[in-house]
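J.: Sharing a structure, written as structure tokens. Questions coming.
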Amino acid sequence: MSLKPLGDKVVIKVKDEEVKTVGGIVLPGSAQEKPQQGTVIAVGSGEIVDGKKVPLDVKVDDQVIYSKYSGSEIKIDGEEYLIIRQADILAIVE
Amino acid sequence: MSLKPLGDKVVIKVKDEEVKTVGGIVLPGSAQEKPQQGTVIAVGSGEIVDGKKVPLDVKVDDQVIYSKYSGSEIKIDGEEYLIIRQADILAIVE
Amino acid sequence: MSLKPLGDKVVIKVKDEEVKTVGGIVLPGSAQEKPQQGTVIAVGSGEIVDGKKVPLDVKVDDQVIYSKYSGSEIKIDGEEYLIIRQADILAIVE
Amino acid sequence: MSLKPLGDKVVIKVKDEEVKTVGGIVLPGSAQEKPQQGTVIAVGSGEIVDGKKVPLDVKVDDQVIYSKYSGSEIKIDGEEYLIIRQADILAIVE
Amino acid sequence: MSLKPLGDKVVIKVKDEEVKTVGGIVLPGSAQEKPQQGTVIAVGSGEIVDGKKVPLDVKVDDQVIYSKYSGSEIKIDGEEYLIIRQADILAIVE
Amino acid sequence: MSLKPLGDKVVIKVKDEEVKTVGGIVLPGSAQEKPQQGTVIAVGSGEIVDGKKVPLDVKVDDQVIYSKYSGSEIKIDGEEYLIIRQADILAIVE
Amino acid sequence: MSLKPLGDKVVIKVKDEEVKTVGGIVLPGSAQEKPQQGTVIAVGSGEIVDGKKVPLDVKVDDQVIYSKYSGSEIKIDGEEYLIIRQADILAIVE
């Protein structure tokens, strides 16, 4: 199953890394502060600006940083994704 | 009886699946968290953008994921539907 | 007396049906949840979009479904009407 | 003294009718619920839409129905008026 | 010293009349409800609408009625003025 | 060090006058109500309106009156300035 | 690793200076009020205004002053950055 986001929306697989504390204890991601980085999985067909469709600036496999708490979290086949408007993506990590 | 949504609106039949718990007990949909997936039943004639009518991106029978709590729930002939603006549809499931 | 709505506004006669419970008791409309269906009585001359007047999509005698709590309720000659912007009409029932 | 409303504004003389209760007692207008009907006294020169001035749809002497609580109430020479944007007028009574 | 308001702004000298009660006691303006009438002292160069500068509709010496609580009160050389956007002026008194 | 404001922004040196009470006591500016007057120190390159850059109406050395509490206060080399959008400047004092 | 901000966004390295009190005690930056100055590290490709992409006014290495509390703070490789829309940058320090 795949997702085709609409318009200016982007599907992101949130980066969910385990983190070791100084003493070596592994903290699952949920004990950390909300992650803000992820990988673009799918992009919409573009945004309509003044009557013309403008393609999005991000593409599949881009590592992106996005605003905290933006977008909608969804769960498909047990995997969690974030669907977000491109305007809530802050930067691409290169 | 059928529904013809106006403008950029879309009628969705919400996916209302029974869910079995580990012990095999069937929980009706209402005991679950709000579903966010459904099937497009009817689409409006399009959205007016800068004076031109732009047809919608979704079509009848599309499986779609939409934002939680968006749209208006209605009941016609005992069936429940959601009427939603296309902008509140996040992605098409393929 | 008749009403001529302005611009993108529409006058609706709210459908106010009596409902029989299983035991045959008639509940007046006011004991039910807020109705969301009605008949279009009069339509405005259209909406101005980007400097051009666009005629409305609904017409007199259309059965329509509208958003809960939208519009202004008025009483003329003892009859109750709803005056609503076309954007708050969700769909036409056919 | 007369009033010349600006732009898309309209001056309305609110209809303030006495109402008799069943027993014949006359209730002054202020004991009733807020009136929503009135007569247009003066209209502005029009609304600027996309750079062009569009004349208003209402004219002097029109009986109009307007949204509850909209507009600004003013008192001139002991008379009360309502100055309201045309967009808050719902319909003309004919 | 004089004031040159910017853009769509207008300087108003608020009408501050003494009022006699029935018994002849003079109440200073501050004991009354907020005045809503004044005289235009200076007008801005106009409002930019769709890229063109549109001159204002009010002119110096116009008696105007404005929305309660709109604008900024300022004091220059001991005199109080109100600087207000033209959109907050309701009507010209003629 | 100098400041070059961006776009429609303007740097203002707030007028911070000492005030003598009737008894001759000098009150520093901070004991007074918030000043609303100042001198323009630097202006941005202009505001983009409908795709064209429109130069600002104020210029360096203008005495201006601005809305209370608007803008951002900053301190550079021990001096306090206000950076404000031109739209929050009410009038030029001449 | 580097960051490529999208659209009208700008990456800023916040100026985090140690401050000595009169007695010579060094206060780390966190004991001070929120800094508002920083250095531009990366700029987006521009802002779309009326269908045309307009390049940003700030460039890499510019010292800028920005509005308090605007933007999103992020941490990359242990370094803290601020990603901010250009509209929240008040001025360039020269």
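Laboratory data are not the source of any read-out in this text; all were calculated from the coordinates shown. Given the structure is predicted, the values throughout are model-derived calculations rather than measurements. Don't worry about glycine lacking a Cβ; one is built from the backbone with ideal geometry, like all the others, and counts go over all protein chains shown.
J.: For the pair F:Glu80/E:Val54, report the inter-label distance in nm, with labels modelled 7 Å from Cα in the Cβ direction.
T.: Taking the simple label geometry, F:Glu80 and E:Val54 are separated by 4.0 nm.
J.: For the range F:35-94 and the range D:57-88, write down the distance between their C-alpha centroids in whole Å.
T.: Taking the Cα centre of the range D:57-88 as reference, the centre of the range F:35-94 is 38 Å away.
J.: Could I have the simple spin-label model distance between A:Ser45 and A:Lys15, label points 7 Å from Cα toward Cβ, reported in nm to one decimal?
T.: 3.2 nm
J.: On to the next question. Can you pick out the pairs among A:Lys9/C:Lys9; A:Lys52/B:Lys9; D:Lys9/F:Lys59; D:Lys4/E:Lys4; E:Lys15/E:Lys59 whose Cα atoms lie more than 28 Å from each other? The partial results should precede the final answer.
T.: Numbers: A:Lys9/C:Lys9 32 Å; A:Lys52/B:Lys9 21 Å; D:Lys9/F:Lys59 35 Å; D:Lys4/E:Lys4 25 Å; E:Lys15/E:Lys59 17 Å.
From A:Lys9/C:Lys9; A:Lys52/B:Lys9; D:Lys9/F:Lys59; D:Lys4/E:Lys4; E:Lys15/E:Lys59, over 28 Å: A:Lys9/C:Lys9; D:Lys9/F:Lys59.
J.: Using the basic label-point model (7 angstrom from Cα toward the beta carbon), what is the E:Gln63 to A:Lys68 distance in nanometres?
T.: 5.8 nm
J.: Rank-order D:55-64, E:64-73, B:83-92 by packing density, defined as the average count of other C-beta atoms within 10 Å over each peptide's residues, highest first.
T.: On the way: D:55-64: 15.2, E:64-73: 17.7, B:83-92: 21.9.
The most tightly packed comes first, giving B:83-92, E:64-73, D:55-64.
J.: For E:84-91, what's the mean count of beta carbons from other chains sitting within 10 Å of each residue's beta carbon?
T.: On the way: counts 1, 2, 2, 5, 2, 4, 14, 15.
So the per-residue partner count for this stretch is 6.
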